[in-house]
Amino acid sequence: MFTPLAPLATLTAPLLGEAVGLVGLLAQAPAAAPGGVSAMLGQFGLPIAIFAVVYFMVIRPQQNEQKQLQALLASLQQGDAVVSATGLHGTIHEVQAEVVVLEIAPGVRVTVDRSAIKRRSGGDAPAKG
């Protein structure tokens, strides 16, 4: 008779024995002594430090970049040389409430959403307002 689980049982038996041995070692470990404030700082200190690093390395720079982009979009004027999110370079011919008309070549005008403007030409970063 063929039993496919028989080889599996012979392979897992030594692993289970090691696992039982590890549980026994953990059960013999001494309990942590109450540490009061220092134990609480140790428990919450690492998550607070990780949050601080994430805030100052990711969230805050992203908020500053968003503010700069909003200032750029609010200050768009006719004649400004800009670059759209798709990489389209042009000069603003007309500014409307939600759209901007760009002149990308003499006599060639395209209409793009105002939010598609990402920076002024001549700089790698959004213009500072």
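Quickly run through region 39-85 and pick out the residues that are farther than 30 Å from residue 121 by Cβ and among the polar types (S, T, N, Q).
Of all residues in region 39-85, those farther than 30 Å from residue 121 by Cβ come to 39-56.
Listed by number, the list holds a single entry, 43.
Listed by position, the strands (runs of 3 or more DSSP E) enclosed by region 59-129 that each have at least 1 residues that are among the basic types (Lys, Arg) and modelled with pLDDT under 95 are 117-120. The residues of region 34-58 that are under 26 Å from residue 119 (Cβ atoms) and loosely packed, with under 11 Cβ neighbours inside 10 Å, listed by number, are 56, 57, 58. In this structure, is residue 52 at pLDDT below 80, in a helix (DSSP H, G or I) and out of contact with any Gly (no Cβ under 7 Å at 6 or more places or on another chain)? In short, no.
With respect to residue 45, is the statement that it is outside any strand (DSSP E or B) and on the phi > 0 side of the Ramachandran plot true? Spell out how you get there, then give the answer.
On the way: outside any strand (DSSP E or B): yes; on the phi > 0 side of the Ramachandran plot: no.
When the stated conditions are applied, residue 45 does not pass them.
The values are calculated or read from the model by the stated rules, or taken from the named source; none is laboratory data. Only a predicted model underlies this, so the values are computations on that prediction, with no experimental measurement involved. Cβ atoms come from the backbone with ideal geometry, glycine included; neighbour counts cover every protein chain shown.
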